[in-house]
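A quick write-up on the structure given underneath.
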There are 2 protein chains.
Amino acid sequence: MPRINSADVTRFADMLAAMGAEPRLRIVRLLLSAHPEGMVAGEIGQELEIAGSTLSHHLDKLKNEDLVRVQREGTFLRYTANAQALRELLGFLYAECCTRNKAVEPQQILCCK
Amino acid sequence: MPRINSADVTRFADMLAAMGAEPRLRIVRLLLSAHPEGMVAGEIGQELEIAGSTLSHHLDKLKNEDLVRVQREGTFLRYTANAQALRELLGFLYAECCTRNKAVEPQQILCCK
DNA sequence: TCCATATTTCTATTATTATCGAACTATTGG
DNA sequence: CCAATAGTTCGATAATAATAGAAATATGGA
């Protein structure tokens, strides 16, 4: 069981905050649904009807927490969800709720049939 | 697999936002570590060194998202983590990452050995 | 080089959030 | 009823975040 230190808590809080805004949660969902190809910024904005500059700001937040990755494709920028980061976040929450304590039984979660 | 609608996304975003502040994430962690007994407000504030009025504000946010429950014990108020709400949040994230899409393999998470 | 397109960065505005002392409310015990 | 204790609500301030139009930057192609 990994040891969780103060810096980890700060980091996971930041990740949760990044996902804790409706436009950004929608962005992450959309990128997951398009995983692993991801989507270029314009497609995301069109799909979610977010103004370009606003979208850019949200993508920047997600990028700062390493929840999404970006790579240039000519004049486009392609964003993808970072599965590893999401894995770590889920692992943290599981450790907190299911492993470290007995608040939530693992088998009560969807994935653990 | 449960169908996720727009209202769900809003609700989960709000829950993530509630956990996405370091003081509140610490509160939830603390309450989970004391689960299922929970802790009275004063103990939480003492442990985390948060001023009373500030703590009250954070507990209110968590309560609004139903992430914690409260009950009076004489002159004390005892707060407990709401395991069911956490279960739903974890289930949602799992569905998004592992089930609905293939971004994160279930067995890569701690709980699914 | 110049143009068109994609996206970001800048700038400003508005809205939300965090913090905490002070005042208030609730409960128990005398 | 009064005092003591626990906790919340109020009020003010400061900090952070969201939004979006306009200007700037980056890329590729004519």
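Determine if the range B:45-58 includes at least one residue that is at the interface with chain A (Cβ under 9 Å from one of its Cβ atoms), of a type in the set (A, V, I, L, M) and in a helix (DSSP H, G or I).
The answer is no, given that none of the residues of the range B:45-58 is at the interface with chain A (Cβ under 9 Å from one of its Cβ atoms), of a type in the set (A, V, I, L, M) and in a helix (DSSP H, G or I).
So is A:Leu16 of a type outside the set (D, E, K, R) and more than 15 Å from the chain's Cα centre (by Cα) or not?
The answer is no for A:Leu16.
So the check is Cβ under 7 Å with 6+ separation or different chains; which pairs have a first residue in the range A:54-80 that's on the phi < 0 side of the Ramachandran plot and a second one that's of a type in the set (Asp, Glu) and part of a helix (DSSP H, G or I)?
A:Glu65/A:Asp14
Filter the range B:63-108 down to residues that are more than 9 Å from the chain's Cα centre (by Cα), of a type in the set (A, V, I, L, M) and part of a strand (DSSP E or B) and give me whichever is surrounded by the most Cβ atoms within 10 Å (Cβ to Cβ).
B:Leu77
Could you give me the residue pairs with C-beta distances under 7 Å whose first residue belongs to the range B:81-96 and is farther than 13 Å from B:Arg11 by Cα and facing another protein chain (nearest Cβ under 7 Å), whose second residue is surrounded by fewer than 19 Cβ atoms within 10 Å (Cβ to Cβ) and among the polar types (S, T, N, Q) wherever it lies, and which are 6+ apart or on separate chains?
Going by the 7 Å Cβ cut-off, the qualifying pairs are B:Arg87/A:Gln108.
Only one of these is away from DNA strand C (no atom under 16 Å from the Cβ) and out of contact with any Lys or Arg (no Cβ under 8 Å at 6 or more places or on another chain): B:Gln84, B:Gln108. Name it.
Answer to the check: B:Gln84.
Residue by residue through the range B:1-33, note down the ones that are surrounded by fewer than 18 Cβ atoms within 10 Å (Cβ to Cβ) and part of a loop (DSSP other than H, G, I, E, B).
Passing the criteria: B:Met1, B:Pro2, B:Arg3, B:Ile4, B:Asn5.
Confirm whether A:Gly38 is within 9 Å of another protein chain (Cβ to nearest Cβ) and closer than 25 Å to B:Leu90 by Cβ.
no
Residues are listed down the side, and each one gets a yes or a no for (1) more than 9 Å from DNA strand C (Cβ to nearest atom); (2) modelled with pLDDT of 95 or more:
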position	(1), (2)
B:Met39	yes, yes
B:Glu43	yes, yes
B:Ala51	no, yes
B:Thr54	no, yes
B:Leu59	yes, yes
B:Lys63	yes, yes
B:Thr75	no, yes
B:Tyr79	yes, yes
B:Asn101	yes, no
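Would you check if there is a residue in the range B:19-30 being within 13 Å of DNA strand D (Cβ to nearest atom), more than 10 Å from chain A (Cβ to nearest Cβ), more than 23 Å from A:Ala18 (Cβ to Cβ) and at pLDDT 95 or above?
No, every residue in the range B:19-30 fails to be within 13 Å of DNA strand D (Cβ to nearest atom), more than 10 Å from chain A (Cβ to nearest Cβ), more than 23 Å from A:Ala18 (Cβ to Cβ) and at pLDDT 95 or above.
Tell me which of these A:Thr99 doesn't satisfy, since it passes every other one: (1) of a type in the set (Ser, Thr, Tyr); (2) more than 12 Å from DNA strand D (Cβ to nearest atom); (3) more than 18 Å from A:Ser33 (Cα to Cα); (4) more than 8 Å from chain B (Cβ to nearest Cβ).
Evaluating A:Thr99 over (1) of a type in the set (Ser, Thr, Tyr); (2) more than 12 Å from DNA strand D (Cβ to nearest atom); (3) more than 18 Å from A:Ser33 (Cα to Cα); (4) more than 8 Å from chain B (Cβ to nearest Cβ) leaves (4) as the failure.
The values are calculated or read from the model by the stated rules, or taken from the named source; none is laboratory data. A quick note: this is a predicted structure, and the numbers were derived from the prediction, not measured. Counting neighbours? That spans all protein chains shown, and the Cβs are built from the backbone with ideal geometry, glycine included.
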